[in-house]
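The block underneath contains the structure these notes are about, expressed in structure tokens.
The values are calculated or read from the model by the stated rules, or taken from the named source; none is laboratory data. Computed from a prediction, not measured in an experiment: that's the story for all the values here. With ideal geometry, Cβ positions are generated from the backbone for all residues, glycine too; neighbour counts draw on all protein chains shown. Keep in mind that these areas ignore ligands, DNA and RNA; they rest on the heavy atoms of the full protein, side chains included. Shrake-Rupley method; radii C 1.70, N 1.55, O 1.52, S 1.80 Å.
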Amino acid sequence: SDIENQVSHIKGVALILFGDFLKQEETEESHLYVKPLVKELIEAKNKRLIMSKLKIALVSINQPSLNSACKLLDYLEDFEVDVYGKKDLEHNLENLKTYEKIDTVLQDAWKKYDAIICILAMGIVVRKIAPLLESKATDPAIIVMSMDLTKVIPLLSGHIGGANELSDVIAKKI
């Protein structure tokens, strides 16, 4: 037929409706786009609130590492942070939590903190946390940073634990 020949090349269909049969007033927001956007904004706000309440352990292993931890502390002012360092190291902190062996720090911090930031070799961190691993739903975020603070590596609990987001926050501030 003549109409069939005229429309045979059409690949998609658009339905355009005129009239007030939708019973929607002009001032009413679209239910298709606004509610998901509002939901997304609320989730983002809640995520920021959750991130700002993180308890973080900042773990150093020697004098240069502790010096870096003291510098990093300035960038973590939005969080509740405890700094750990070996006994007899020089620092200007009001409250340095001291330890003798790194094993005890990580083991004690595992259940106490939401995130543990380690300024020490990745291999040490991997070996020391391996026996502590339980579940991606409950393990704390583990971040490893280089001594010069230029590398921020989310090692464990990236998505659920927030290591990825916290790493991004730190990287943007430094």
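Can you tally the net charge around Lys87? Count Lys and Arg as +1, Asp and Glu as -1, for every other residue whose Cβ sits under 14 Å from the Cβ of Lys87. Net charge in that neighbourhood comes out at 0. Taking the accessible area of segment 70-174, probe 1.4 Å, and keeping the other protein chains in place, the carbon and sulfur fraction comes to 49%. Can you give the local net charge around Arg127? Use residues other than it whose beta-carbon is closer than 14 angstrom to its beta-carbon, Lys and Arg +1, Asp and Glu -1. Summing Lys/Arg as +1 and Asp/Glu as -1 gives +1.
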